[in-house]
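Enquirer: Handing you this structure, nothing more for now.
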Amino acid sequence: MTKELLEGNFAMAEAAVRAGCEAYFGYPITPQTEILEWMSHRMPELKRTFLQAESEVAAINMVYGAACTGTRVMSSSSSPGVSLMMEGLSYIAGTEVPVVLIDVVRGGPGLGNIAPAQSDYNQLNHGGGHGDYHQIVLAPASVQEAIDMTVLAFELAEKYRNIVVVMADGSVGQMMEPAELPEMRPVTRIQGDWPVTGNVGRPPRVLTSIYIDPPAEEVYNHKILNKWYDIQANEIRYKEYYLDDADFVVVGFGTAGRIALTSVRAARAEGIKVGLLRPITTSPFPFSQLDELSKRAQGMLVVEMNTGQMLDDVRLAAKGRLPVEFYGRPGGMMPFPDDILGEIRRLAHTPLTTEGDPRKRWMDRVRTGELMLR
Amino acid sequence: MDTPQTEVQTVYIRPASLSGTPTHYCPGCTHGIAHRLVAEVLDEMNVREQTIGVAPVGCSVFAYNYFNCDFVEAAHGRAPAMATGIKRVMPNHIVFTYQGDGDLASIGMSEIMHVAGRGENITVIFINNTIYGMTGGQMAPTTLPGQRTTSSPNGRDVETMGYPLHMAELLAQQPGAGYVVRRSLHDPKNIRQAKKAIRVAFEAQKRGLGFSLVELLSTCPTNWGVTPREALGWLEEHMIPVYPLQDFKVIPTLAELKF
Amino acid sequence: MQTEIVFAGFGGQGALFAGQIMAFTGMDAGLAVTWMPSYGPEMRGGTANCQVIISDEEIGSPLTRTPLAAVIMNLPSLDKFEDRIAPGGVMIVNSSLVNRQPTRTDVDWLMIPAQEIAESLGNRRLLNMVMLGALLQKLPVISIEALEKGLDVHLPERHRKFLKPNIEAIRQGAAFARGELTVEATPGANGHEPEVIPPTSV
Ligand SMILES: Cc1ncc(C[n+]2csc(CCOP(=O)(O)OP(=O)(O)O)c2C)c(N)n1
Ligand code: SF4
């Protein structure tokens, strides 16, 4: 196959189709409605299931139902809609059925706006619905990655019977880039020992998230945590740029990460030895890679389109060994490369400390006007 | 020759209950008419300062900019719940929601049913334009059979996408409902009748007569892909046969009122 | 080497499509490209715009504060982008609709009566291609021949019949930029009606 110029939302939708997604349930919300709209014509054309649900609450529960039958199923939404899905996601986690969700994150909280943002990092990576569970979160930064992550999402979901979220943002969703779609793979149903398909010739199966006996629930909690350690051991993905000889490390995921790449190149041109680590799985998070980097670098800069959410994970990895600084644009604002370049220069040329709270330092600089927001 | 004596008469002014902020609605959209009718009624009843509006998520999300009274902005579909909260703690105020068909009949179905079921003493202005305007023209629960939208590209197929929901008829079934009617905004005569109905709905609330709702058949020329004039004709020709303009519930005390 | 170009105008003037054709052509030449539209609230401020980046290595940021070039189709777009163009950059301005000249002296700018040229070709919708032709004459990131081929390959089927006029528009735009074509802008003759854009979505 050759490269085509593809829009991110469309590309993720078609990638899901080609990955053998057999059913899609969703509800319109900007900036991901193109996914729903593409599915509304593409799925019926292929005699697969498309349904516009009455709400995101309903959509995720439709997904839950279809997933229980071993069908490759997905939904897509954006921040306010994903908030509504949290209940359903918790039940899905409590039942261990594979589900893929694309979240094209937008500015918040509340109704917020439809501009690109990364403000749901905590919700997707650390929070989510009630109860003790983890979901895999993939953070594409380009249209090609969005395609590849969508395909990978289905594979990981089924391999681990786990929720996988593709955490995009409005920029990845609306941007066009040359990219290659995968070959169409046939639709198949999972043949494990768990899907409910009617008990012809076998004892009935029950899929439920209820463990009324606390000891049984405890065992289940242990089980899914152990599974999570498996996932951590095998599925961490990230991309490194110019890190071999780097004295300074920029860390950013998704769109913020790729914007930082331009800044890192500009800083290199000025002779600053700086590199970039762009986590692709933000959950599981590349803790050990950052742990290693924190042993040899002199300073880190975390760049996000929020007020510092992944920052906490980076600090956990850095263990106070080196100064960690933060630069963020929340609310649907995107930083320009020269904004981040200024922060890299500051990292390289001013005395830094491992003391205090980097988020507070950043906020104080914004508040006092020392850091100009343009 | 004598100069003819002309008597200057005000025939048209902006109601005090409208703020004067230019709306962001598309040319020919009937949201603006509905706003004006509500504002005129609030003026006539002299309740503007006792009124709290609840804006929905949809094209009328910024309704609070256009009304000259207190307003809150709800999450998508939740306006009736928010209105309940307000009315329960401010029982002597006039509380109304203004909701589109996606907001009220899709994601907010639960909230609207229960507010009617409880006979919550609020007024709902329900804009039925058979489409999701704000997100760019997807299918709504009120989309007509066969109607093309961006998420029913081959027309609404009732076999897989179901039949349009008739909200006024449905809500009128609830014993808690005091006044539930459907009107249309496609021509001056119908607009006058719509205004009358809105007046009755607010009067019902003022008298504590239970849940009141006026469903207003409206146009969305932008997402229907027609001119404003064509949209009015399309409404009359296609929507009214499916959504008859009727009174579905008028409790006797109200029927006796004269304004 | 990386080139960033902004295309900006009213909805309906073809700014986004002109950017896409540029991106397609860059892709066909084996280069890395990104096409990033402004969407949502910004569209209501009178401008629909996109940024196209063409590069010989993996593209980082899909947006830059200081693009190297701009194709400016209306006045709000000139007001918005004039100060942001990188020194030494290029600006192509639609003089049919923009009633002032740029004030930058460190940018190579050209006022082109794109609408009149398009109308002389029988279709005012060719305005975007006229301006694209002028741009490539001044900033040859890709050749005009490559662009024409790009159009041939990527013009949607239902617009096939416009291929010839599109190519003619590109050539006329380039000819104007070379000073080989003189067309006057008709003052006040800009009957352009901005497209209706539904309210900002939430
Ligand atoms: C939880 C959630 N889901 C989806 C959306 C996106 N959204 C905004 S408006 C809207 C539909 C509005 O349609 P309607 O209520 O018919 O009003 P109209 O725009 O036609 O006036 C949707 C789905 C949202 N804001 N929040
Ligand atoms: S999109 Fe439709 S409902 Fe919304 S303002 Fe425009 S015409 Fe009215």
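Enquirer: Do the conditions hold for B:Ser151, that is, is it of a type in the set (Gly, Ala, Ser), within 23 Å of B:Tyr98 (Cβ to Cβ) and open to solvent by less than 20 Å² (accessible area, probe 1.4 Å)?
Expert: Working: of a type in the set (Gly, Ala, Ser): yes; within 23 Å of B:Tyr98 (Cβ to Cβ): no; open to solvent by less than 20 Å² (accessible area, probe 1.4 Å): yes.
So B:Ser151 does not fit the description; no.
Enquirer: Further, regarding this structure: Provide a single number: the residues in the range A:286-310 that are within 30 Å of A:Ile114 (Cα to Cα) and open to solvent by 10 Å² or more (accessible area, probe 1.4 Å).
Expert: 2
Enquirer: Can you name every residue in the range B:169-184 that is within 24 Å of B:Val47 (Cα to Cα), crowded, with 19+ Cβ neighbours inside 10 Å and not aromatic (Phe, Trp, Tyr)? Give the steps one after another, and end with the answer.
Expert: To start, the set of residues in the range B:169-184 that are within 24 Å of B:Val47 (Cα to Cα) comprises B:176-183.
From what's left, crowded, with 19+ Cβ neighbours inside 10 Å: B:177-183.
Residues satisfying the conditions are B:Ala177, B:Gly178, B:Val180, B:Val181, B:Arg182, B:Arg183.
Enquirer: I've got another one for you. Considering only residues that are in contact with an Asp or Glu (Cβ under 8 Å, 6 or more places away or on another chain) and touching a residue at least 12 places away in the same chain (Cβ under 8 Å), which ones fall in the range B:55-65?
Expert: Initially, the range B:55-65 is screened for residues in contact with an Asp or Glu (Cβ under 8 Å, 6 or more places away or on another chain), giving B:55-58, B:61, B:64.
The answer is B:Ala55, B:Pro56, B:Val57, B:Gly58, B:Val61.
Enquirer: What's the total number of residues in the range A:133-171 that are among the acidic types (Asp, Glu) and either assigned to a strand (DSSP E or B) or modelled with pLDDT under 95 (or both)?
Expert: So in the range A:133-171, the residues among the acidic types (Asp, Glu) come out as A:145, A:148, A:155, A:158, A:169.
Now drop any that are not either assigned to a strand (DSSP E or B) or modelled with pLDDT under 95 (or both), which leaves A:169.
The qualifying residues number 1.
Enquirer: Still on this structure, please answer the following. Write out, first by first residue and then by second, each pair whose Cβ atoms fall under 6 Å of each other, whose residues are 6+ apart or on separate chains, and whose first residue, in the range A:17-44, is without any contact (Cβ under 8 Å) to a residue 60 or more places away in the chain while the second is in a helix (DSSP H, G or I) and open to solvent by 10 Å² or more (accessible area, probe 1.4 Å).
Expert: A:Ala23/A:Ala66; A:Phe25/A:Met62; A:Trp38/A:Phe10
Enquirer: Output the qualifying pairs, or none if there are none: Cβ atoms under 8 angstrom, residues six or more apart or on different chains, first residue in the range B:89-101 and open to solvent by less than 70 Å² (accessible area, probe 1.4 Å), second residue among the charged types (D, E, K, R) and more than 16 Å from ligand 1 (Cβ to nearest atom).
Expert: Pairs that qualify, where the first residue is open to solvent by less than 70 Å² (accessible area, probe 1.4 Å) and the partner is among the charged types (D, E, K, R) and more than 16 Å from ligand 1 (Cβ to nearest atom), are B:His93/B:Lys87; B:Ile94/B:Lys206; B:Val95/B:Lys87.
Enquirer: Here's another thing I want to ask about it. Out of B:Ala105, B:Ala116, I need the residue that is within 16 Å of ligand 2 (Cβ to nearest atom) and either open to solvent by less than 20 Å² (accessible area, probe 1.4 Å) or away from chain A (no Cβ under 12 Å) (or both). Which one? Show your work before the answer.
Expert: On the way: B:Ala116 fails: within 16 Å of ligand 2 (Cβ to nearest atom).
None of the other options fit; the residue is B:Ala105.
Enquirer: Further question on the same structure: Grab the helices (runs of 4 or more DSSP H) fully contained in the range A:1-102, keeping just those with 3 or more residues being among the charged types (D, E, K, R) and more than 10 Å from chain B (Cβ to nearest Cβ).
Expert: Values: elements: A:8-18, A:33-45, A:56-68, A:79-95.
So the answer is none; nothing clears 3.
Enquirer: Quick check on the range B:16-45: of everything there that is free of Cβ contacts under 8 Å to residues at least 60 places away in the same chain, small (Gly, Ala, Ser) and open to solvent by 10 Å² or more (accessible area, probe 1.4 Å), which residue is nearest to ligand 1 (Cβ to nearest atom)?
Expert: Restricting to residues being free of Cβ contacts under 8 Å to residues at least 60 places away in the same chain, small (Gly, Ala, Ser) and open to solvent by 10 Å² or more (accessible area, probe 1.4 Å), the top hit is B:Gly32.
Enquirer: Sticking with this structure for a sec: From the residues in the range B:147-189 that are part of a strand (DSSP E or B) and over 17 Å from the mean Cα position of the chain (by Cα), which one is farthest from A:Trp38 (Cα to Cα)? Talk me through it step by step, then tell me what you get.
Expert: Of the range B:147-189, the ones part of a strand (DSSP E or B) are B:149, B:152, B:177-184.
Applying the additional criterion that residues be over 17 Å from the mean Cα position of the chain (by Cα) yields B:149, B:152.
Numbers: B:Thr149: 12, B:Ser152: 10 Å.
Result: B:Thr149.
Enquirer: Identify all residues within the range B:134-146 that are near ligand 1 (Cβ under 8 Å from one of its atoms) and either open to solvent by 10 Å² or more (accessible area, probe 1.4 Å) or hydrophobic (A, V, I, L, M, F, W, C) (or both); write none if there are none.
Expert: B:Met134, B:Thr135, B:Ala140
Enquirer: Moving on. Tell me, yes or no, whether the range B:46-57 has at least one residue that is within 12 Å of ligand 2 (Cβ to nearest atom), open to solvent by 50 Å² or more (accessible area, probe 1.4 Å) and within 24 Å of B:Lys196 (Cβ to Cβ).
Expert: no
The values are calculated or read from the model by the stated rules, or taken from the named source; none is laboratory data. Computed from a predicted structure; not experimentally measured. Glycine gets a Cβ as well: all are built from the backbone with ideal geometry, and neighbour counts include every protein chain shown. Side chains included, ligands, DNA and RNA excluded: accessible areas come from the protein's heavy atoms. Shrake-Rupley method; radii C 1.70, N 1.55, O 1.52, S 1.80 Å.
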